[in-house]
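Have a look at the structure below, then the notes.
Please treat every number below as a calculation from the coordinates, not as lab data. Being a predicted model, the structure only gives us computed values, none of them experimental. Positions of Cβ are generated from backbone atoms using ideal geometry, with glycine treated the same way; all protein chains shown enter the neighbour counts.
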Amino acid sequence: MQIKRRGLLIILSSPSGAGKSTLSRRLMEWDPSIRFSVSATTRPPRPGEVDGREYHFLDRETFERMVDEGAFLEHAEVFGNLYGTPRAPVEAAIEEGNDILFDIDWQGGQQIRNSPLSEDVVSIFVLPPSIRALEARLRKRGQDPEEVIRARMSRSRDEISHWAEYDYVLVNDDLERCSTEVETIVSAERLRRRRRPGLTEFVRSLNREFEELMG
């Protein structure tokens, strides 16, 4: 039986290169009903990126005005660019029982966990199997110059220091196993009693049946 529930805000974080983008993609392939939260950013589009699909690309003036208006659920500056999650579509989605996936860093995750939507959050942090493996993954991308790779490695140490703030912490040493662990977490969190307001009415209907049968 399908019981009405609130949607989840699934926060998936990791240092750059630890696999959160791949795990995010696989999670949405496992359940296509999970929606990816499209963030806004002031950084320029990379080759192949489309406005409204990967990001909402905004100029800094527009972004800062939206911050002042309280239009973001969370926002942060990373490597000189601003990133943020528009509030309205997220609130509407979880009220309708739709799960939203966030591929964000610890700063964004912290802001969402401290927001009025904190009860809807499930946070997962993904660790690399080793720092050498993390560096190798960044270099294998072939997208960033040396100075950017060094900056990302430096930032990774700070990101990893926030691992204990998350509900779940996984080590991505085996992609298949790690992906299955993420799916298991989501399945269990959907069944938490506090996220299933429809249970109250269902139990009331059971009590009405008792009254009818037992007079």
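Computed quantities for the displayed model
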read-out: Cleavage-rule hits, trypsin sites (Lys or Arg not before Pro), the stretch 1-41, DSSP coil, Cβ neighbours within 10 Å at most 15; value: 4
read-out: Beta bridges by DSSP in the chain, antiparallel share as percent, to the nearest 5; value: 30 percent
read-out: Loop-located GluC sites (Glu not before Pro) in the stretch 47-147 whose Cβ has at most 10 other Cβ within 10 Å (DSSP); value: 69, 96
read-out: Cα lying deepest toward the dipole's positive end in the chain, options 94, 112, 184, charges on Cβ; value: 184
read-out: Built amide H within the under 5 Å cut-off of residue 144, gap 5+; value: none
read-out: Helix-only mean residue ellipticity at 222 nm for the chain, each DSSP H run of n ≥ 4 adding -39500 (n - 2.57), per residue, nearest 500; value: -14000 deg cm²/dmol
